[in-house]
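Worksheet: one structure, shown below.
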Amino acid sequence: MIPLLRYHFALLVGSHRWLPPTILYAAYVAIGIRAGDPVLDGFGYVAAPLLPVAAWLVRAGVTAEPPAARACTAAAAGPGRAHLAAVSTAALAATALGALGTAFTALVSDPHSADHRVAVPMGPATLAGTFTALCCVLLGTAVGALANRPVVRSPGRAIPTAALAALLLLVAAGSPANAAVSGLVTGSPRGTVTVPWLPLGIAAMITAAAVAGACALSSRRT
Amino acid sequence: MKLHKVGRRYGLRGPWVLRDVDLEVPRGALLRFEGTNGSGKSTLLRLCAGIDAPSTGRVTGRPRTAYVPERFPAALPFTALEYLSHLGRVHGLRGAEPARRATEWLERFGAAGHARTPLAELSKGTSQKVAVAQALLAEPELLVLDEAWTGLDRTARGTLDRAVAERVTAGGTVVFVDHDPARLAGAADACYRVVDAGLRPQETATRAAGATTGPCVTVVAQGPPGADPPAGLPGAPTTAPGPDGTTRLTVPAAHSDTLLHALLTARPPWHIHAVTPEEARPDRTAPRPESP
């Protein structure tokens, strides 16, 4: 699996298709996070966009190879494993972005509630921020896996589907990403930290199922 | 490897491209598939290579596999050497081995000068050499060639023929499709025609009949006095006694190198007197006299 991940990482880096989502995310963080802002709001703010960013990176990852090259990789490693490597590489890249965003927020933000009166414990707050970011990365990966080949093959349908699904998962009540982000933001006025164990668990299960389904389909819909 | 009642169609209601195909691919065999355009040859090869899963039935016992597509327009952000090294590692090679073998295969195909050229800038033929090298450097147990010769120059086609013979001699299995009916003629163990979504065994001009088409090479060799040629020589040569206690061994041209290698490295080694290319296998029937 490591050689496959290396190959897909080199593909993603060399294709420069990681740049647009990364630049957008960096700009979003740079605009939204200012020194001295309440930390819990900041964690919620940097986590939410990771969902569409992860979906975008997964699209870049699974469409990086032309069909002929994909066939060669699939014969060597098995189509399912090759697809899993492409999705995982993108998810890892999104996780790295999330780690940078969360670390930046933790460094520059004010560890207090929204009104700057109640101190927020940084350990649990950072854990909650990290889990929320992970939750968004995972669900973005699930969206990317289900809204691209081999499930949705035409780009004309794949891109709007992914955008709509990412938006829905961010705003719809009951979505683990929405629950994790709102847990941070609603806790900020009173300085209470909610670590999103349950949303993260559910997001992990949804993503595992979505990615497994996409990988299983990769040899059936070519 | 075995295909059990394998069927494949694209889409839930698409027409069956292949249906109820049973096929046993023995180890060390060289198999050829034929068929008209769109008959399902490529689908069959993709099923053999494991790139596609069958819609019905199953494929069992597929060994370590490499695949060469017909065209390789790989707009990947790598140089030829980088790509081949990556693929070598994906195939399970470690350390400096992938880069070493990649260089070696590019040299063999006369593309060593393009090792550091980005894939996107390679000509069609050189791209195809990279595709072929990708598969050969892994020394796969199953090599699947979908018109891999297309786009290669004459010298490279010959090199690929010999590489296929080497793979078969080393115990690997090769399945291929090519539009040239003379491709590896006489070397293939079996030939199947894809017709009406099924497979039909084709008469290959078997060696037993001694009348294959295609170019052959005759090697005149001398072993220890009274010894028979070693058993299991590559290309299953037809043998005939030659002058002065020598033996004439005739094989399909693609197998000439592997035959020489086997003879020279036999215990005790055989001495080579002469190597002669021939256009057709000399069969034992006398040539028909020209009519006046």
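The values are calculated or read from the model by the stated rules, or taken from the named source; none is laboratory data. Keep in mind that this is a model prediction, so the values were computed, not measured. Methodologically, a virtual Cβ is constructed for each residue, glycine included, from the backbone with ideal geometry; neighbour enumeration extends over all protein chains shown. For accessibility, only protein heavy atoms count, side chains too; no ligands or nucleic acids. Shrake-Rupley method; radii C 1.70, N 1.55, O 1.52, S 1.80 Å.
With the Cα gyration tensor of chain B giving a ≥ b ≥ c as the square roots of its eigenvalues, does the rule (a/c under 1.5 for rounded; else a/b larger than b/c for prolate; else oblate) give rounded, prolate or oblate? Cα axes put chain B in the oblate bin.
Placing +1 on the Cβ of every Lys and Arg and -1 on the Cβ of every Asp and Glu, with nothing else charged, gives chain B a dipole about its Cα centre of roughly 860 debye.
Rounded to whole numbers, the Karplus 3J(HN,Hα) couplings from phi for the range B:30-41 are 10, 10, 10, 10, 10, x, 6, 4, x, 7, x, 4 Hz, using 6.51 cos²θ - 1.76 cosθ + 1.60 with θ = phi - 60°, and x at Gly and Pro.
With every protein chain left in place and a probe of 1.4 Å, what is the accessible surface of B:Lys5, to the nearest 10 Å²? Answer for B:Lys5: close to 110 Å² accessible. Ordering B:Leu122, B:Pro201, B:Thr155 by Cα displacement along the dipole of the range B:2-202 toward the positive end leaves B:Pro201 in first place; charges were set at the Cβ atoms of Lys, Arg (+1) and Asp, Glu (-1). For the range B:168-195 and the range B:217-264, write down the distance between their C-alpha centroids in whole Å. If you average the Cα positions of each part, the centres end up 22 Å apart. Rounded, prolate or oblate: which fits the range B:216-278, taking a ≥ b ≥ c as square roots of the Cα gyration tensor eigenvalues, rounded meaning a/c under 1.5, else prolate when a/b beats b/c? Oblate. Per-residue accessible area (protein heavy atoms, 1.4 Å probe) orders B:Glu147, B:Glu24, B:Glu70 as B:Glu24, B:Glu70, B:Glu147, starting from the largest.
Most mobile of A:Ala173, A:Ala125, A:Ala165 per a Gaussian network model of chain A (Cα springs, under 10 Å)? Highest fluctuation of the listed residues: A:Ala173. Taken residue by residue and averaged, Cβ atoms of other chains lying within 10 Å of the Cβ of B:46-52 number 6. If you sort B:His273, B:His114, A:His8, B:His261 by accessible surface, 1.4 Å probe, largest first, the order is B:His261, B:His273, B:His114, A:His8. Taking the inverse of the mean reciprocal distance over all distinct Cα pairs, the Kirkwood hydrodynamic radius of the range A:2-217 comes to 17.5 Å.
If you model the protein assembly as shown as an ellipsoid using its alpha carbon gyration tensor, with each semi-axis the square root of five times an eigenvalue, the axes come out at 60, 23, 17 Å, biggest first. Can you tell me the orientation of helix B:154-169 relative to chain B, as the angle in degrees between its alpha-carbon axis and the longest Cα principal axis, to the nearest 10? It is inclined by approximately 80 degrees. Please build a GNM for chain B, connecting alpha carbons under 10 Å apart, and tell me which residue among B:Ala112, B:Ala188, B:Ala66 fluctuates the most. Sorting by GNM fluctuation, first place goes to B:Ala112.
Centroid-to-centroid, using Cα positions, the range A:1-70 and the range A:121-175 are 12 Å apart.
Couplings 3J(HN,Hα) of the range B:242-251, computed from phi: x, x, 6, x, 8, 10, 9, 10, 10, 10 Hz, in residue order, whole Hz [Karplus 6.51 cos²θ - 1.76 cosθ + 1.60, θ = phi - 60°; x for Gly and Pro].
Just check the range B:82-179 against the gyration tensor rule for me: Cα atoms, a ≥ b ≥ c as the square roots of the eigenvalues, rounded for a/c under 1.5, and otherwise prolate or oblate depending on whether a/b exceeds b/c. It is oblate, given that a/c is not under 1.5 and a/b is not larger than b/c. Angle of helix B:97-108 to the longest C-alpha principal axis of chain B, folded into 0 to 90 degrees and rounded to 10: 60°. Relative to the longest principal axis of the Cα atoms of chain B, the long axis of helix B:124-136 lies at roughly 80 degrees. Within the listed set B:Gly95, B:Gly57, B:Gly158, the residue fluctuating most in the Gaussian network model of chain B (springs between alpha-carbon atoms under 10 angstrom) is B:Gly95. Share of pairwise Cα-Cα distances greater than 14 Å in the range A:161-222 is 67 percent (whole percent).
At 1.4 Å probe size, with the rest of the protein present, what percent of the exposed accessible area of chain B is carbon and sulfur atoms? The nonpolar share, carbon plus sulfur, comes to 51 percent. Note on the protein assembly as shown: dipole from Cβ charges, positive end direction compared against B:Ala254, A:Ala179, B:Ala131; the farthest Cα belongs to A:Ala179.
The residues A:Tyr28, B:Tyr83, sorted by heavy-atom accessible surface at 1.4 Å with ligands and nucleic acids left out, run A:Tyr28, B:Tyr83 from largest to smallest. Each of A:Ala68, A:Ala35, A:Leu4 was placed along the dipole of the range A:1-73 (beta-carbon charges, centred on the mean Cα), and the one lying farthest toward the positive end is A:Ala68. Ligands, DNA and RNA aside, A:Leu127 has an accessible area near 70 Å² when probed at 1.4 Å.
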